[in-house]
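Let me begin by presenting the structure, written as structure tokens, before commenting on it.
Read the figures in this text as sums done on the coordinates, not as results from a lab. The model shown is predicted, which means the values in this text are computed figures rather than measured ones. As a convention, Cβ positions derive from the backbone with ideal geometry for all residues, glycine included, and neighbour counts pool all protein chains shown.
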């Protein structure tokens, strides 16, 4: 399979834009539409586009980790964030907040288990979709 130089050059730019947009969708998903699922799909789309233009092997090299490893890590992150609610005695998957750098005059930077759960979902979706697509691409 040979692709044109224009497609390959444009793909490098589009992949970067898609990955940045996927992170944006992940981070805005707490208060507005978006989140880990749609962010993971957009991120996977970037790597799928790269695989179409450069080949599956090049896309795997660009990913640097096996997609299955990413999915399992995401599942672990989501599980740990869910269990964090039980530490103070609340129900599992109860949202907990940690304020980093809090002072007497400033609340600090909020970090929630909800965001950590969304990051886990992002990684699960990214890894699962890429596992499926890479397997199908290598079959053909």
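For this structure, a couple of remarks:
- Pairwise label distance in nanometres, residue 83 with residue 24, each label 7 Å out on the Cα-Cβ vector: 3.6
- Packing-based order for 91-98, 21-28, using average beta carbon neighbours within 10 Å, highest first: 21-28, 91-98
- Calculated log₁₀ intensity ratio I(q)/I(0) where the Debye formula runs over C-alpha points of the chain, q = 0.12, 0.14, 0.19 Å⁻¹: -0.57, -0.72, -1.07
- Virtual paramagnetic centre 7 Å along Cα→Cβ of residue 136, amide N under 20 Å, in region 36-51: 37-51
- Ordering of 133-140, 109-116, 43-50 by packing [mean C-beta count within 10 Å, highest first]: 43-50, 109-116, 133-140
- Site pair residue 112 and residue 6 shows an inter-label distance of 4.6 nm when each label is modelled 7 Å from Cα along Cα→Cβ.
- Measuring nothing but how far apart in sequence close Cα pairs (under 8 Å, 6+ apart) lie, relative to its length, region 76-129 scores a relative contact order of 35 percent.
- Remark: relative contact order (the chain) = 28 percent; criterion is Cα-Cα distance under 8 angstrom and separation of 6 or more residues.
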